[in-house]
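Down below is the structure, laid out as structure tokens.
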Amino acid sequence: MRITAVTCVKNEGPFLLEWIAFNRLIGVTDFLFYSNDCTDATDRMLDALEVRGIVQHLPNPAEGRNYQMEALKHASKQEIVQNADWVWIADVDEFLNIHVGDHTIPGLIEACGNPQAISIPFQFFANDDVDGFEDVPVIGQFNRSHNPDLWCGETAHEVKSLMRHDFPLQYFGAHRPFFKKKLPEKRYPKWTDASGRKVPKPFLTAANPRRIRKFPAKGSRDFATLNHYALRSLDSYLVKNDRGDVNREHRAFDDTYWRERNDPAFEDTSIRRYLPDLKVALADLKSDPEIGALHDEAVALHIARRDQLLESPVYRQMQAQLRTASKLPPQEEAMLIDLGLAS
């Protein structure tokens, strides 16, 4: 089974090898990376990996501000995508944690009844009071998240999606594929959540703007969870804030973004099942002298950028503010204040 992962990156150098190694463990066979404006060796590492046949690396073709959507439009025409049995579109801070069978994508597909698409809801993992960046696997560092069924008071969570080659595709979205608008209902694709249940019709047909890329999370993760490490360490979050959003120009990250994703109410260590094999796979990738050196350079540049940022009073203030920020999501805190249960 050929499974192609498609992603966009900007200054993700310290985290690239872990994401590639992890996705290979769960069954991804091919990778298509788009990069733009990298200053931390990300693009050079991807070039070196491409020479070795591990990934395909292209410059982001975007001419406008919507980097991800323009890249995905370009990706749909590439052989590495067109020849795949399945396509997986995700970001480098997102890890597909599969709970069934042999914990691989083929096992997930079988558990879901071999549909034409599978959409897996996010579970945001908190910072866990990890202050300093360490060059160790992300999936082993962060173990706490919001209640899996409730995020910031919302019962519907955004998803990312796997798509089979025969899906009646009109275009790729970042969170889900869209099928042709005039498709007769009898030809709608077979599409499930990560429990093998049919996705809700408003999501399936994209009929409701509020349900285009999300649906109720409760009961939807029996077979898999999408672990999203949007914060990582505080050091890395400061560098991420400086970088901006890889997918949208001029989007900054702020206190609200941090607090919404730093809810530690629930412990989930299930993804650690992959750690022993991941460490072996990472060591194998780093054993290549050039790849190992580029990884070390990316780590050094990441730390140097943190140090440069902390020379600025603005970033020192941000660091102090985030260290002491409430771990209640803003929406939940506002509700408790309204009820007189917090001040």
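Derivation of every value follows stated rules applied to the coordinates shown; laboratory data play no part. Given the structure is predicted, the values throughout are model-derived calculations rather than measurements. Because the Cβ atoms are built from the backbone with ideal geometry, glycine has one as well, and the counts that use them run over all protein chains shown.
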Starting from the 7 Å offset along Cα-to-Cβ, what nm value, one decimal, do you get for the label separation of LYS73 and GLU267?
4.8 nm
Loop-located trypsin sites (Lys or Arg not before Pro) in the stretch 149-182 whose Cβ has at most 12 other Cβ within 10 Å (DSSP)
LYS180, LYS181, LYS182
Quick one: Debye curve from the alpha-carbon atoms of the stretch 122-190 only, equal weights, vacuum; give me log10 I(q)/I(0) at q = 0.17, 0.23, 0.25 Å⁻¹ to two decimals.
-0.81, -1.00, -1.08
When HIS228, HIS74 are arranged by how many other beta-carbons sit within 10 Å of their Cβ, fewest first, they go HIS74, HIS228
Any chance you could get the radius of gyration and Dmax over the Cα atoms of the stretch 3-338, in Å?
19.5, 61
If R0 = 45 Å, then TYR188 and ASP307, at their Cβ-Cβ distance, give a FRET efficiency to the nearest 0.05 of 0.25
Within the chain, longest stretch free of exposed GluC sites (Glu not before Pro) [DSSP loop, at most 16 other beta carbons within 10 Å]:
135-248
Where the centre of each part is set by its Cα atoms, how far does the stretch 1-65 sit from the stretch 68-97, in angstrom?
11 Å
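What is the magnitude of the charge dipole of the chain about its Cα centre, with +1 placed on the Cβ of each Lys and Arg, -1 on the Cβ of each Asp and Glu, and no other charges, expressed in debye to the nearest 20?
Computed about the Cα centre, the dipole is about 1820 debye.
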For the stretch 115-151 and the stretch 277-343, what is the separation of their Cα centres, given in Å?
13 Å
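Using DSSP, restrict attention to beta bridges with both residues in the chain and report what percent are antiparallel, rounded to the nearest 5.
On the way: 25 of 45 bridges.
So the antiparallel bridges amount to about 55 percent of the total.
What list do you get for MET69, MET335, MET1, MET45 if you sort them by fewest beta carbons within 10 Å?
Values: MET69 18, MET335 14, MET1 11, MET45 29.
If I rank by nearby Cβ atoms, fewest first, I get MET1, MET335, MET69, MET45.
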Hey, fewest Cβ within 10 Å first, where do SER161, SER119, SER326 land in order?
SER326, SER161, SER119
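Near ARG2, within a Cβ-to-Cβ distance under 10 Å, what is the net charge of the other residues, with Lys and Arg +1 and Asp and Glu -1?
Numbers: positive: none; negative: ASP30, ASP85.
For residues surrounding ARG2, the net value is -2.
Using 0.36 nm per residue of separation minus the Cα-Cα distance, give me the extension gain between GLU290 and LEU275 in nm, one decimal. Write out the running numbers ahead of the final one.
Numbers: separation 15, 0.36 × 15 = 5.40 nm, distance 2.41 nm.
Net length gain for the segment: 3.0 nm.
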